[in-house]
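Shown next, in C-alpha cells, is the structure this report addresses.
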Amino acid sequence: MSLLVVGSVAFDAIETPFGKTDKIIGGAATYISLSSSYFNSQVNLVAVVGGDFPKSDIALLEKHGVNTEGLQIKEDEKSFFWSGKYHNDMNSRDTLVTELNVLGTFDPIIPESYQDCEYLMLGNLAPSVQKTVIERLKKRPKLIVMDTMNFWMEIALADLLETIKLVDVLCLNDEEARQLTGEYSLKKAAKKILTMGPSTVIIKKGEHGALLFNHNEAFYAPALPLEEVFDPTGAGDTFAGGFIGYMASKNETSYDSMKNAIIYGSAMASFCVEKFGVERIVDLKNAELEARVQQFINLVQFEISLV
Ligand code: AMP
C-alpha cells in the first residue's frame, strides 16, 4: 500500500559523548522515509528544503525508492537546521539551535499522484502544516499517525490540539506526553490523550521501550539492550517509519497489527542509534532486520505456569 510521509528534511549538527558532527542530513521525514522504505510500500514524500541541500542526499532517498515528487526545493532559501547535544546518559538532550528557515513558510503541496495514499505519517513539523496535509487529501487515509515534539507544544499548542483531533494514532515520547497532559503517570497521560481525538497512543520511552494504548488495552515493546548507543538522533522517527511502514505493508489498521508494528519500529530504531545520523539505516539488509526482530522475540518470550 502506498504511504505519504510529511515532515522536516533537514541539516542536523549533533554532539554526543562519543563525538560531534558538522551539518549532516537529518530531519524527521528523512528518518521516517528511509525506515519505512524497508517494508515494501511505495513511500511518497512531502517536504521542503533550501537550495543548500545536497542533490546527493535527495538521490539517497530516491535510491531507497522514496518518491520525491512532493519535495519542494526553494533555491534561494536555507534548509531547516537543528542542533542538539546529548547528556552522558544518552537518553536526554538539549536542543541548541532550531532554525526553521524554509520550514517557516512551508506550504505543503500534495502531488496528484499521492492522492490515493492510504497511510499517512505526519512527522514532526508545524502542526498547522500537518493539518493542511490532512485537509488537502481528497480521501481520508485508512490510518493517520502523527508525531510531534515539545517545541510545538511551546509555540503552537492551539494548532497542535486542533490537529491531534484529526488523527488516529499519536506518537510522542514520555516527556512530551507528560508536558501535553500535565500527568506524570503515563497511563493517565495516555488516557487523557485518548479523549483528545486519537484512538491509539504510542508513548516512546527511549532506551526503555515503547507503550501502545487504546481505550481498552495496553502493550509494551522493549528496546533492545545494546552494548553501545552512539547517537539517538532520529530514533523516534525511525521507530515511527518502521511502525507505519509495517502497517502499510500489511494493509492493516488493527490493534494486533499495531503490536507487531511497534516491535518492527523498535527494531529499526535499534539500528538507528548504532551510528551517527542516518548512517546505519541506509544500507540495512532484510536478513539483519529479521534477525533483530527475532532478538526482540527472544528477549520477552517466556513460558510460565501460574501457581
Ligand atoms: P528524534 O531524535 O526522533 O526526536 O528526531 C530528531 C530529528 O528531528 C532531527 O533530525 C531534526 O532535524 C528533527 N527536528 C528537530 N526539531 C524539529 C522541529 N521543531 N520540527 C521538525 N523537525 C525537527
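The values are calculated or read from the model by the stated rules, or taken from the named source; none is laboratory data. If you're wondering where the values come from, they're calculated on a predicted model, not measured in any experiment. We place every Cβ from the backbone using ideal geometry, glycine too, and count neighbours over all the protein chains shown. Surface accessibility is based on the protein's heavy atoms, side chains included, excluding ligands, DNA and RNA. Shrake-Rupley method; radii C 1.70, N 1.55, O 1.52, S 1.80 Å.
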Task: Paramagnetic label zone (point 7 Å from Cα along Cα-to-C-beta, residue 20; backbone N under 16 Å) in segment 80-112 - done: 83-88, 94-97
Open item on the list: Give the aspartates and glutamates whose C-alpha is closer than 13 Å to that of residue 275, dropping any in the same chain fewer than 8 places away, or say none.
Closed with: 15, 227, 228, 231, 283
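Would you kindly state how much longer the chain becomes between residue 183 and residue 69 on full extension, computed as 0.36 nm times their sequence separation minus their alpha carbon distance, in nm to one decimal? Before the final figure, lay out each step's value.
Numbers: separation 114, 0.36 × 114 = 41.04 nm, distance 4.13 nm.
36.9 nm is the gain from fully extending residue 183 to residue 69.
Could you tally the net charge around residue 86, taking each other residue with its Cβ under 11 Å from the Cβ of residue 86, Lys/Arg +1 and Asp/Glu -1?
On the way: positive: 20, 85, 93; negative: 15, 89, 94, 231.
Surrounding charge for residue 86 is -1.
So what is Rg over Rh here for segment 161-307, counting just Cα atoms and using Kirkwood for Rh?
Values: Rg = 15.6 Å, Rh = 15.9 Å.
Taking Rh as the inverse mean 1/r over Cα pairs, Rg/Rh reads 0.98.
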TODO: Post the alpha-carbon centroid distance, segment 48-104 to segment 252-293, in whole angstrom.
DONE: 21
Open item on the list: Just want to confirm a number: the relative contact order over segment 3-300, from Cα pairs under 8 angstrom separated by 6+ residues, in percent.
Closed with: 17
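Would you please give the FRET efficiency between residue 303 and residue 192, computed as 1/(1 + (r/R0)^6) with r the Cβ-Cβ distance and R0 = 25 Å, to the nearest 0.05?
Numbers: r = 36 Å, r/R0 = 1.45.
In this case the efficiency is close to 0.10.
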Task: the chain: radius of gyration and largest Cα-Cα distance (Dmax), Å - done: 18.0, 70
Open item on the list: Counting each pair of different Cα atoms once, what's the Kirkwood radius of segment 91-250 in Å, rounded to one decimal?
Closed with: 16.6
- [ ] Would you please give the residues with an amide H less than 5 Å from that of residue 72, counting only those at least 5 places away or on a separate chain, with H modeled from the backbone geometry?
- [x] 47, 48, 49
Open item on the list: Once neighbouring chains are kept in place and the probe is 1.4 Å, which whole percent of the accessible area of segment 3-300 is contributed by carbon and sulfur?
Closed with: 49
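Rolling a 1.4 angstrom probe over the protein heavy atoms, how many square angstrom per residue are accessible across the chain? Intermediate results must be reported in sequence, preceding the final value.
Working: 13580 Å² over 307 residues.
That works out to 44 Å² per residue.
Take the residue pairs 74/204; 142/259; 204/250; 139/259 and return only those whose Cα atoms are more than 29 Å apart. Present the calculation step by step, with values, prior to reporting the outcome.
Working: 74/204 33 Å; 142/259 17 Å; 204/250 22 Å; 139/259 26 Å.
Result: 74/204 exceed 29 Å.
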